[in-house]
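Right, one structure below, let's go through it.
Coordinate-derived values only; no laboratory data. These figures come from a predicted structure and were not determined experimentally.
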Amino acid sequence: MLFKRSHIRLIKEGRKTQTRRNHRHEWKVGKIYLIKASWYGPIEGYIRITRKFRQKLGDISPEEIRKEGFQSLEEFRQVWEEINGGWNPEEVVTVYEFEEVKTLWNTQP
C-alpha cells in the first residue's frame, strides 16, 4: 500500500491508524500489506487491515481525523487535496483501519 513518506513516519510513530482511499482496488480485512512510498521503492514496513467501511468524505469525525494522523479537518482536507486534486464532501470513499505489523512471524490469521 502506498503512502507519502510523512504518513509512513506517522504510522511508525503509532499516530496514523486509518486511511481513506477513493479508488476501485479494495484491500481485505485481516490481510497484511507492504508499506511503500513508491511502487519501486524499498519496503518500509507492514500493516494489517483490521476494519473496512464506506463513508462520505465530509462525514469524517474528529476522532477519525486523529486516526488519520492530523489535528484538524482543515489539515486533513489540505493534504487530501494535494494527493487527490480536490475535495468533494459527498464523495464516498473506502476507510481502512490498520495496525502496524512489527514482525511477519506467525502473524497470518
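Just a few scattered comments:
- Rounded to 10°, Cα long-axis angle of helix 73-84 versus longest principal axis of the chain: 70
- Estimated from helices alone, the mean residue ellipticity of the chain at 222 nm is -6500 deg cm²/dmol (sum of -39500 (n - 2.57) over DSSP H runs with n ≥ 4, per residue).
- Phi-based couplings in Hz for the stretch 55-67 (Karplus 6.51, -1.76, 1.60; Gly and Pro marked x): 7, 5, 4, x, 8, 4, 8, x, 5, 5, 4, 5, 5
- G69 long-range amide H proximity, modeled H, under 5 Å: T17
- Derived scalar couplings between HN and Hα for the stretch 44-51 equal 9, x, 9, 10, 10, 6, 10, 7 Hz in order, rounded to whole Hz, by the Karplus curve 6.51 cos²θ - 1.76 cosθ + 1.60 (θ = phi - 60°), x for Gly and Pro.
- Using the Cα coordinates of the stretch 5-101, the gyration tensor eigenvalues translate into equivalent-ellipsoid semi-axes of 21, 15, 14 Å, sorted from longest to shortest.
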